[in-house]
Amino acid sequence: MILPIYVYGQPVLRKVAEDIAPDYPNLKELIENMFETMDHAEGVGLAAPQIGLPIRVVVINLDVLSEDLPEYKDFRKVYINAHILEVGGETVSMDEGCLSLPGIHESVKRGDKIRVKYLDENLEEHEEVVEGYLARVMQHEFDHLEGKMFIDHLSPLRKQMIKGKLNAMLKGKAHCTYKVKTVKK
Ligand SMILES: [Zn+2]
């Protein structure tokens with residue numbers, strides 16, 4: 001089932017999300033719905049707060065990029081109770097967008113190497129060091145679990161430049177091809 005994506009201004013996007021218990025109701029169905037919602041909106045990642053749930057569940061699909069980045073062929077993964085333990089490596093700037101911030105694309109500086117822990121779809125625990133593009137996407141998505149969005153990383157000047165678009169979203173205006181839930185709806 002395709003779910004509406006919560007847009008900037010929705011308070012759930014600013015909450016610190018919580019770990020879930022192994023018996024969280026209908027978890028399998030929730031994960032399927034998150035993949036379907038992400039695919040429909042043509043995103044590479046989606047965090048549960050973006051569908052209105054303040055829980056630490058993230059889906060990532062890098063298969064869509066595998067023409068340019070063959071190492072991500074068939075890469076579709078869910079991360080449950082996901083936490084970043086450490087950010088390091090080199091600081092790299094890259095353009096980011098977000099399904100909860102339609103129409104905004106800005107360059108964001110992030111470390112290119114992280115250490116993370118999470119549970120997979122079988123609720124098995126993993127601790128990994130991740131680099132490159134995946135480390136970028138994970139940081140963006142896992143930020144959502146801390147109540148952060150990529151615009152929080154911008155300079156005051158860049159923030160000023162996108163203020164009009166943000167204010168429009170607060171008034172319920174969001175132009176995109178997928179279903180959204182703004183504060184006014
Ligand atoms: Zn996002």
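Here are a few things to note about the model shown:
- Low-density loop cleavage sites - GluC sites (Glu not before Pro) in region 63-97, where at most 11 other Cβ are within 10 Å (DSSP): 67
- Relative intensity, log₁₀ I(q)/I(0), of the chain from a Debye sum that treats every alpha carbon as a point, q = 0.14, 0.15, 0.17 Å⁻¹: -0.76, -0.89, -1.16
- Amide hydrogen proximity for residue 92: with H placed 1.01 Å from N in the peptide plane, the residues at 5 or more positions away or on another chain lying under 5 Å are 110, 111, 112.
- Rg/Rh for region 82-185, where both radii come from Cα atoms and Rh is the Kirkwood radius: 1.02
- Selection from 59, 89, 30 lying farthest towards where the dipole of region 1-90 points positive, charges on Cβ: 30
- Qualifying GluC sites (Glu not before Pro) in region 116-185, DSSP loop, other Cβ atoms within 10 Å at most 10: 124
- Across all directions, the shadow cast by the convex hull of region 1-54 built on its C-alpha atoms averages 3.9 square nanometres.
- With each label modelled as a point 7 angstrom along the Cα→C-beta vector, the residue 125-residue 14 pair spans 3.4 nm.
- 26 Å Cα-Cα threshold exceeded, pairs from 113/173; 28/171; 148/171; 28/117; 113/148: 113/173; 28/171
- Using only side-chain charges placed at the Cβ, +1 for Lys and Arg and -1 for Asp and Glu, the dipole size of region 5-181 relative to its Cα centre rounds to 1300 debye.
Throughout, read-outs are computed from the coordinates displayed, never taken from laboratory work. This one's a predicted model, so the numbers in the text were calculated from it and none came from an experiment. We place every Cβ from the backbone using ideal geometry, glycine too, and count neighbours over all the protein chains shown.
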